[in-house]
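What follows is a single structure, written as structure tokens, with notes after it.
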Amino acid sequence: MTARKRYWLMKSEPDAFSIDDLQRVGTEPWNGVRNYQARNFMRDGMKVGDGILFYHSNTKVPGIVGLATVASEAYPDDTQFDPKSDYHDPKSTREEPRWMLVDVAFERKLAQVIALDEIKLHADELGEGFPLTAKGNRLSVFPVTAAQWKRLLSLEKKSS
């Protein structure tokens with residue numbers, strides 16, 4: 001029996017790594033996550049083939065800009081071992097790495113951005129505590145239910 005497909009939202013700042021960058025390279029390690037809850041989602045929850053809503057944050061119009069797929073099981077993020085990296089963690093060792101990542105594969109760019117402002121208009125439908133509409137939530141990686149995935153992607157069709 002195969003596991004049910006799961007869905008995720010992953011945030012990236014477009015000046016650091018954008019949907020266009022992912023389209024250009026095809027597949028990329030999702031490195032630099034330094035939040036334990038986000039790490040646990042990647043390490044314990046993500047499976048190859050899971051769907052990803054690719055979200056641009058910290059930009060003029062933050063929102064969902066594309067779709068991607070989880071392309072690998074979780075493995076150690078090498079940037080934690082590199083003293084020259086912004087993501088270096090001196091307490092992490094190769095024997096006991098703290099930080100894990102998954103590879104992310106490009107699927108498609110959306111016809112247009114599903115803006116955060118638009119998403120907020122549907123907060124009630126997305127459910128109480130949905131991380132994009134909940135105050136104070138800063139997680140860069142979090143699960144999305146199948147119903148939320150479907151509802152969010154329906155906003156793309158509505159705006160095209």
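Values quoted throughout were computed directly from the atomic coordinates according to the rules given, and no laboratory measurement underlies them. The shown structure was predicted, so the numbers you read here are calculated from the model rather than taken from an experiment. Using ideal geometry, Cβ is built from the backbone for each residue, glycine included, and neighbour counts are taken over all protein chains shown.
Looking only at the range 12-41, which residues have a backbone nitrogen under 15 Å from a spot 7 Å from the Cα of THR59 in the C-beta direction?
12-25
About its Cα centre, how strong a charge dipole does the chain have in debye, to the nearest 20, once Lys and Arg get +1 and Asp and Glu get -1 at the Cβ?
The dipole of the chain has a size of about 440 debye.
Any chance you could run the full-extension gain for ASP86 through LYS150? It's 0.36 nm times the residue separation minus the Cα-Cα distance, nm to one decimal.
Working: separation 64, 0.36 × 64 = 23.04 nm, distance 3.58 nm.
My answer for the length gained is 19.5 nm.
Of the listed values (i) 1.13; (ii) 1.04; (iii) 1.21, grab the one calculated as Cα Rg over 2.2 N^0.38 Å from the structure here.
Computed from these coordinates, Cα Rg over 2.2 N^0.38 Å corresponds to label (ii).
Please give the FRET efficiency for ASP117 paired with ARG94, using the beta carbon to beta carbon distance and R0 = 41 Å, rounded to the nearest 0.05.
0.40
State, as an integer percentage, the relative contact order of the chain based on alpha-carbon contacts under 8 Å between residues 6 or more apart.
Relative CO of the chain lands at 30 percent.
Given the -39500 (n - 2.57) contribution per DSSP H run of 4+ residues, what per-residue ellipticity at 222 nm results for the chain, rounded to the nearest 500 deg cm²/dmol?
Helix contribution divided over all residues of the chain: -5500 deg cm²/dmol.
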